[in-house]
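Contents: one structure, followed by commentary.
Throughout, read-outs are computed from the coordinates displayed, never taken from laboratory work. Keep in mind it's a predicted model, so treat the numbers as computed, not measured. As a convention, Cβ positions derive from the backbone with ideal geometry for all residues, glycine included, and neighbour counts pool all protein chains shown.
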Amino acid sequence: MNKFLLALLSGIILALGWPTYGFPLLLFFAFVPLLLAERHVRISNPKRKGLLVFGLSYITFLIWNIFTTSWLRYADLFGASFAVFVNSALMALIFLIYHKYAKRQSIHRSLLFLVVLWISFEKLHLGWEFSWPWLNLGNGFSEYISWIQWYEYTGTFGGTLWVWILNAVIYKGVLTYQDEKSKQDLTSLLLKCAALIILPILISFGIFSTYSHEGETVNVIALQPNIDPYSEKYNMTNLKFAELFFELSNTKITDSTDFVIAPETFLAESTRLTQFNNSLLKNRFDQYVSKHPNVNLLTGISFYDLFNDESKIRKETNIYKYTPNTWYDDYNSALLINSSSSLQQYNKSKLVVGVENFPYQDVLKPLIGDFMIDLGGTVSMKTTQNYRTVFTSSNSKFKAAPIICYESDYGEFVTGYVRNEANFLAIITNDAWWNETQGHKQHLSYAKLRAVETRRDIVRSANTGISAIINAKGEITSSLAYGEKGALSGQLITNDKITFYVMAGDYIARISIFILIFVGLIGFFRRKKEKF
């Protein structure tokens, strides 16, 4: 088959295998056509082989990125284009490095190198300032959570490894069949692939059918105000939003309600941090709590801290241009208000690239100035915190992880809340930027992975949807549809046990990085022993 058609085919298969519309079984052979195209280039004699391999890979990954994440264009066309084209280039670079390695080494060592290289790339993509975890392969099973209950041991990197093992086995089998035309080899390949797919799924089914945990019952209400972020949201005062909070809450609240949860930046009018305690807004919430003394109110809020002390300046601090020698920290925060005397606050710490952080300022700021890209939030440089704060209820029985929007896409990051004793997860988000697209659906779907990894029930409050209750097995037990205004009530069960993944984190990625260094050093300094 033509190598360009093979690259095109890989991109289409990857796109068709992605949630929330696709079937993840396709991921198990999605890279095979691209691997065959790369091999065709490697063993033939075209000029500029590396450039050709990069171009073929770019075709594959551009198709995958466009089909799965082009919904970003509803927030910002330039930002969407940047994300799609740059992410595709980074993925294509992985295949170019593999191509250089495969020219020198055996097929087995080359495939091992590719698997650990890809996993290491995914890990890098979680941690650097251009972080974009959306297309990490382990996310591809989020709509088939009964297949991946063992994520409580491996996290999503277990899914990535699963995908690559199948692709490597199928690719090697196809090459063997092309050389020998043996039906026996073909049968053996099919049986091997069936075992590698079916056995993990059967193990998962066993876990899924038997898993349960005991804990306290938490009665929660998730608010879904359905506010247009492009026109309405930032033209209303916080006092107006407080009235909306009480209005929606009153439709569901009872004497047994433990938590009422409102979405990210629900209180969107920026509030000075040092003045909040004595504000009329705080007084309104205190009055509501006095009527419902057992309730805990968890909401998103925009805070800022204005100061003149240079010693307080951090990397994320902004210059206050209206007053000389004045700076401010801007926070996308979660806030807990209850009958106890002190407020509990957490500041969002996994930031959306170009919206809430300016990556590599020292290099990029001289080139592009203060330009920020709108990818789905409030556009300004946000200040973070290192500690994963856990909110404790007024009766001290319940400990909520206040996960803000984009943070819910990071498995190991979320485990930090659980290690700090969170016994359920509360995700607050604003997914209205992307309209009725795959964006908000995928974001909800990925949240189910966090439930399985941590074995924590989840309450999710989204501005325009989809708000949901998710149990510890990753099942959505109730939800409010996108575009629906209202309040969702439900029950969660707390869990104090720690999963292996919570303890070990992304250990598969760390092991892969170690193997990558070892195999890479050997591979680039030794000749290949066999030719395929």
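Overview of values
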item: Rg and Dmax [Cα atoms of the range 85-198; Å; Rg one decimal, Dmax integer]; result: 16.0, 50
item: Dipole-positive endmost among Leu27, His108, Asn423 within the chain (Cβ charges, Cα centre); result: His108
item: On Cα atoms only, tilt of 77-102 relative to the major axis of the chain in degrees; result: 30 degrees
item: Cross-link pairs Lys123/Lys282; Lys240/Lys291; Lys312/Lys441 - those with Cα-Cα distance over 31 Å; result: Lys123/Lys282; Lys312/Lys441
item: Relative contact order of the chain, pairs being alpha-carbon contacts under 8 Å that are 6 or more residues apart, as %; result: 18 percent
item: Average silhouette area of the range 27-150, convex hull of alpha-carbon atoms, in square nanometres; result: 9.1 nm²
item: Positive-end residue, the range 117-276 charge dipole about Cα centroid, Cβ charges, pick of Trp147, Tyr230, Ala194; result: Ala194
item: Total formal charge among the other residues, if their Cβ is under 15 angstrom from that of Phe61, Lys/Arg +1 and Asp/Glu -1; result: -2
item: Net charge over other residues, Cβ less than 12 angstrom from the Cβ of Leu281 (K, R count +1; D, E count -1); result: +1
item: Principal-axis tilt of helix 3-16 within the chain, Cα atoms, nearest 10 degrees; result: 30 degrees
item: Hits among lysines - C-alpha to C-alpha of Lys183 under 24 Å, sequence gap 8 or more where chains match; result: Lys172, Lys192, Lys531
item: Cα lying deepest toward the dipole's positive end in the chain, options Gln184, Ile476, Phe208, charges on Cβ; result: Gln184
item: Net dipole in debye of the range 397-532 [+1 Lys, Arg Cβ; -1 Asp, Glu Cβ; about Cα centre; nearest 20]; result: 740 debye
item: Debye, to nearest 20: dipole size of the range 65-188, +1 on Lys, Arg Cβ, -1 on Asp, Glu Cβ; result: 500 debye
item: Net dipole in debye of the chain [+1 Lys, Arg Cβ; -1 Asp, Glu Cβ; about Cα centre; nearest 20]; result: 2540 debye
item: Stokes-Einstein D (µm²/s) once Rh is taken as the Kirkwood radius of the chain over alpha-carbon pairs, at 10 °C in 1.306 mPa s; result: 64 µm²/s
item: Local electrostatic count, Ile148, Cβ distance below 12 Å [Lys/Arg +1, Asp/Glu -1]; result: -1
item: Between helix 107-127 and the chain: long-axis angle, C-alpha atoms, 0 to 90°, nearest 10; result: 20 degrees
item: Sparsely packed trypsin sites (Lys or Arg not before Pro) within the range 120-194, loop by DSSP, other Cβ within 10 Å at most 10; result: Lys181
